[in-house]
1. Among (1) away from the ligand (no atom under 15 Å from the Cβ); (2) farther than 16 Å from Ile120 by Cα; (3) open to solvent by 80 Å² or more (accessible area, probe 1.4 Å), which single condition is Glu45 missing?
2. Here are Ala127, Ala102: which of them is more than 16 Å from the ligand (Cβ to nearest atom), without any contact (Cβ under 8 Å) to a residue 24 or more places away in the chain and among the aliphatic types (A, V, I, L, M)?
3. Of everything in region 14-63, what is under 15 Å from the mean Cα position of the chain (by Cα) and among the β-branched types (Val, Ile, Thr)? Give them in sequence order.
4. From Thr68, Thr88, grab the single residue that is touching a residue at least 12 places away in the same chain (Cβ under 8 Å) and within 12 Å of the ligand (Cβ to nearest atom).
Amino acid sequence: MKVAVGCDHGGYVLKDRVVATLTALGAEIVDMGCDSADVSVDYPEFGLKVARAVADGSCALGVVMCGTGIGISIAANKVRGIRAAVATNTFMAEFTRRHNNANVLALGGRVITPDEAEAIVKAWFCAEFEGGRHARRVAMIDSIEDEYFK
Ligand code: RB5
């Protein structure tokens, strides 16, 4: 399974651990940058790159990282079909896959440690969407996109 990974300078601190964790879980990583914590870059650019890869099907899932995880998740969520969710603990990570079918996980490099990121990525990646009533609710989100997205 291909997983797109992208971050800004604020999320870069987590990137190597996230890539290593996903690789150990059997994922093939598509690295969309950035490549340093030392150069200030714009998180929407990297959120969009990952979101596009997931939305067009070239990657099954994505992980995005910025300082808080929030800005880059907001950017990713502007792409139709993307359900990007910030998780700061393993419970949020597991349930955003089980209930929201989150196809992009967002992490904050200034919020969590690399050790926490590893556990969160594992919880999200290994969980499965439950479907049923949750599928109906996700379909309601799709309907909102139909109404508001071109
Ligand atoms: C960059 O300084 C910071 O604003 C960004 O990484 C992120 O936290 C935005 O949501």
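1. That leaves (1) as the condition not met.
2. Ala102
3. Scanning region 14-63 gives Val18, Val19, Thr21, Ile29, Val30, Val50, Val54, Val63.
4. Thr68
The values are calculated or read from the model by the stated rules, or taken from the named source; none is laboratory data. Values in this document were obtained by computation on a predicted structure and should not be read as measured data. Don't worry about glycine lacking a Cβ; one is built from the backbone with ideal geometry, like all the others, and counts go over all protein chains shown. Keep in mind that these areas ignore ligands, DNA and RNA; they rest on the heavy atoms of the full protein, side chains included. Shrake-Rupley method; radii C 1.70, N 1.55, O 1.52, S 1.80 Å.
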